[in-house]
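Heads up, the thing below is written out as structure tokens.
The values are calculated or read from the model by the stated rules, or taken from the named source; none is laboratory data. Just so we're clear, the structure is a prediction, and the values are computed from it rather than from any experiment. Because the Cβ atoms are built from the backbone with ideal geometry, glycine has one as well, and the counts that use them run over all protein chains shown.
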């Protein structure tokens with residue numbers, strides 16, 4: 001029995017199967033990407049059998065309209081997670097940057113742009129589903145939950161990870177006070193996935209306190225946690241910090257981990273099924289039209305540039321200009337159910 005336990009531990013450390021994606025890797029057969037578009041501020045899904053070629057399940061149209069779930073009638077920065085309890089969880093930024101042009105409000109932002117800066121939203125959208133088709137949703141106004149947060153400047157790019165010590169889902173996102181420097185914070189979500197039950201705390205302190213650090217993405221590999229994030233320290237791009245703890249002790253590394261000369265954001269790391277390879281995906285918003293870029297690694301030190309969608313080995317077969325994406329694994333049954341529901345001609 002002791003020997004079997006040790007072998008199980010070795011398998012988990014090797015595959016990274018502990019944590020937010022608690023399904024067995026051997027049961028996985030497909031990949032699902034969630035993303036949004038500036039044009040609609042809505043949610044999109046794309047499926048892939050091999051992790052290289054992705055096909056939008058609704059022919060490049062939203063699977064959930066942002067105006068049906070968000071206080072600002074639009075969402076950005078979606079993140080998707082498979083829970084340890086059989087549910088799927090999604091979080092997104094409650095923000096519409098074109099709300100005045102769309103006639104949804106009279107001002108460019110909810111509050112004065114000089115005082116609160118770009119975007120200046122205060123809400124996150126939390127969503128929950130058993131089947132990736134039918135979703136419940138809740139708008140969480142962070143500024144109303146905790147005393148002293150009334151002057152928060154934004155709530156951006158929420159992501160989720162299961163904290164094995166707390167046995168709870170941890171949410172982490174970017175925020176600031178007023179129009180100050182952006183930082184990444186974390187909190188814990190309640191069991192029903194409808195609100196935050198702890199006050200946000202600082203996740204990682206960028207060493208230059210006048211430079212913004214945003215868009216955190218945490219991946220557990222073995223016994224360590226890899227935090228990829230965006231540094232606004234020159235041309236915005238992707239950096240990495242590593243810790244042995246999920247929300248403390250991240251060590252600063254000044255290296256840039258994306259190969260792009262133009263500005264990047266929204267890093268997301270996902271593992272190739274059955275391989276000792278991880279993909280670092282990022283949104284290259286500094287080019288027009290914007291596109292996703294990809295790099296691949298086996299050790300989180302050396303990264304191979306895979307290029308952009310439709311400019312290398314990675315393909316987007318029926319969509320273009322995706323924004324701020326995230327990828328999870330699916331079983332063959334889950335992928336087939338999605339494809340059948342949306343009448344997508346993909347065989348699993």
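Points worth noting:
- Checking 92, 70 one by one, the residue that is in contact with a strand residue (DSSP E or B) (Cβ under 9 Å, 6 or more places away or on another chain), under 22 Å from residue 157 (Cα atoms), at pLDDT 95 or above and assigned to a loop (DSSP other than H, G, I, E, B) is 70 and no other.
Residues checked against (1) closer than 27 Å to residue 92 by Cα; (2) modelled with pLDDT under 95; (3) surrounded by 13 or more Cβ atoms within 10 Å (Cβ to Cβ):
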site: 288; (1), (2), (3): yes, no, no
site: 301; (1), (2), (3): no, no, no
site: 309; (1), (2), (3): yes, no, yes
site: 316; (1), (2), (3): yes, no, yes
site: 323; (1), (2), (3): yes, no, yes
site: 328; (1), (2), (3): yes, no, yes
site: 334; (1), (2), (3): yes, no, yes
site: 339; (1), (2), (3): yes, no, yes
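- From the list 215, 305, 254, the one residue that fits, being over 20 Å from residue 60 (Cβ atoms), at pLDDT 95 or above and in a loop (DSSP other than H, G, I, E, B), is 254.
- When restricted to residues that are surrounded by fewer than 17 Cβ atoms within 10 Å (Cβ to Cβ), touching a helix residue (DSSP H, G or I) at 6+ places or on another chain (Cβ under 8 Å) and within 18 Å of residue 173 (Cα to Cα), region 110-132 contains 0.
- Restricting region 196-210 to residues that are in contact (Cβ under 8 Å) with a residue 24 or more places away in the chain and not in a loop (DSSP other than H, G, I, E, B) leaves a set whose member that is farthest from residue 241 (Cα to Cα) is 196.
- Filter result for residue 102 (within 23 Å of the chain's Cα centre (by Cα), at negative phi, outside any helix (DSSP H, G or I) and touching a residue at least 12 places away in the same chain (Cβ under 8 Å)): no
- For the residues 246, 273, the requirement of being under 24 Å from residue 89 (Cα atoms), in contact with a helix residue (DSSP H, G or I) (Cβ under 7 Å, 6 or more places away or on another chain) and in a loop (DSSP other than H, G, I, E, B) singles out 273.
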